[in-house]
Amino acid sequence: MAARKGRRRTCETGEPMEAESGDAGSQGQAQVYLPGRGPPLREGEELVMDEEAYVLYHRAQTGAPCLSFDIVRDHLGDNRTELPLTLYLCAGTQAESAQSNRLMMLRMHNLHGTKPPPSEGSDEEEEEEDEEDEEERKPQLELAMVPHYGGINRVRVSWLGEEPVAAVWSEKGQVEVFALRRLLQVVDDPQAMATFLRDEQARVKPIFAFAGHMGEGFALDWSSRVPGRLLTGDCQKNIHLWTPADGGSWHVDQRPFVGHTRSVEDLQWSPTEDTVFASCSADASIRIWDIRAAPSKACMLTTASAHDGDVNVISWSRREPFLLSGGDDGALKVWDLRQFKNGSPVATFKQHVAPVTSVEWHPQDSGVFAASGADNQITQWDLAVERDPEAGDTETDPRLADLPEQLLFVHQGETDLKELHWHPQCPGVLVSTALSGFTIFRTISV
């Protein structure tokens, strides 16, 4: 593969990326910090962000942390690159007590890009203008919440015609579907928000619920090809198919898809075939299924030892016949579905030094993907990149010689990373959730 033109490879980590020492002997000396490569931070050293590595960077907190969220497609247009940005998220909390949890709709707006550093010799008048500008550039957050009994393990949003809905996996062992139209209205309209808070918030209930899983779970995916078709998988190894019925209801097949021997961790519908989906499990396997067969016979392909241990997450590319997986072993693997029965990935990447918690292909750029890990790294990758032998990276820092060629960017600074998503309408924009809150960013590399 030829190196992609115009792609900037940033092996320096983004947020934070440099270790600054407080030692007298090396005061102010900044060094690139590479997780898992080289010595750990010493006492007196701290990580600082390189703002020049970001086009956009914002953080938000919502009280109780969110294990999961989804980006809500909006009517503001596709391929939005003009700043400031507006985006909508649906998220679920993991609060300390069951009754303190909430399903939330977030509207983040006035998201400006990172500011260029001040030029040398800037005068007081320019500094005053900068302060006024700073006020105008403050990011804004509107939040509408509804009560939810029990922590929310996973949230996935879909549009059923003109109706946005969220499927929610509860730690209490049931999957619920909530209508989102009213929540989207109130985060856009302060008067509607006041009415909602006064008269409606406490009464919001799911439009459908299924308690047949016999325990909690995490795996959840809406079909992008058949509106309303849903898959749910639990920690008891079972997968159930939901089919939309008349009157805004669902028929849930009580017969589970049989094959996995331990918890089903993630599910992904095929983006090209109506009846095909993939699953991954704590039994270390990845399986491909076809719902046209009876649930006991629907497993068509299996890679039994896809990872060394639990397979936590998968993502099915919308542009290539590739499946991406991440496991407890910290590995990221790319599977060519045309060769899946061979049982060997076409690529394996090892940058994360703890379990991978989320993976997702870029919605527009076929070779690009992102991953997050329990090592508090978010990594961006491009399958089409090769190291430029004339660039001299390895001469400036020999540790870079060990980095995978396809690694574009390492983002840090979060605590206990759980999930990430590319914004489908704002190219290059990534959103992540962690114990430390939400981060919205775009790097110079993607």
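Out of A53, A64, A60, one residue alone is of a type outside the set (V, I, T), open to solvent by less than 40 Å² (accessible area, probe 1.4 Å) and farther than 30 Å from A95 by Cβ. It is A53.
Restricting to the stretch 147-162, give me the number of residues that are open to solvent by less than 10 Å² (accessible area, probe 1.4 Å) and without any contact (Cβ under 8 Å) to a residue 60 or more places away in the chain. Result for the stretch 147-162: 2.
Would you pick out the residues in the stretch 163-180 that are open to solvent by less than 20 Å² (accessible area, probe 1.4 Å) and either on the phi > 0 side of the Ramachandran plot or among the small types (G, A, S) (or both)? Answer for the stretch 163-180, where residues must be open to solvent by less than 20 Å² (accessible area, probe 1.4 Å) and either on the phi > 0 side of the Ramachandran plot or among the small types (G, A, S) (or both): A166, A167, S170, G173.
Among the residues of the stretch 195-254, those identified as closer than 18 Å to W289 by Cβ and among the aliphatic types (A, V, I, L, M) are A219, L220, V226, L230, L231, I239, L241, V252. Of the strands (runs of 3 or more DSSP E) entirely within the stretch 304-353, none holds at least 2 residues that are without any contact (Cβ under 8 Å) to a residue 24 or more places away in the chain and among the charged types (D, E, K, R). Note on the stretch 87-101: among residues that are touching a residue at least 12 places away in the same chain (Cβ under 8 Å) and open to solvent by 30 Å² or more (accessible area, probe 1.4 Å), the one that is farthest from S432 (Cα to Cα) is Q99. Considering the stretch 188-206, and only residues there that are of a type outside the set (K, R) and part of a loop (DSSP other than H, G, I, E, B), the residue that is surrounded by the fewest Cβ atoms within 10 Å (Cβ to Cβ) turns out to be D189. For a quick check of your reading of the model, give me the residue pairs whose first member lies in the stretch 241-266 and is within 20 Å of P206 (Cβ to Cβ), whose second is open to solvent by less than 40 Å² (accessible area, probe 1.4 Å) and small (G, A, S), with beta-carbon atoms closer than 7 Å and at least 6 apart or on different chains. Matching pairs, first to second residue: P244/G228; V252/G212; Q254/G212. Filtered by the rule that a residue be assigned to a loop (DSSP other than H, G, I, E, B) and crowded, with 22+ Cβ neighbours inside 10 Å, the stretch 415-444 gives C426, V429.
The values are calculated or read from the model by the stated rules, or taken from the named source; none is laboratory data. None of these values were measured; they are calculated from a predicted model. Don't worry about glycine lacking a Cβ; one is built from the backbone with ideal geometry, like all the others, and counts go over all protein chains shown. Surface accessibility is based on the protein's heavy atoms, side chains included, excluding ligands, DNA and RNA. Shrake-Rupley method; radii C 1.70, N 1.55, O 1.52, S 1.80 Å.
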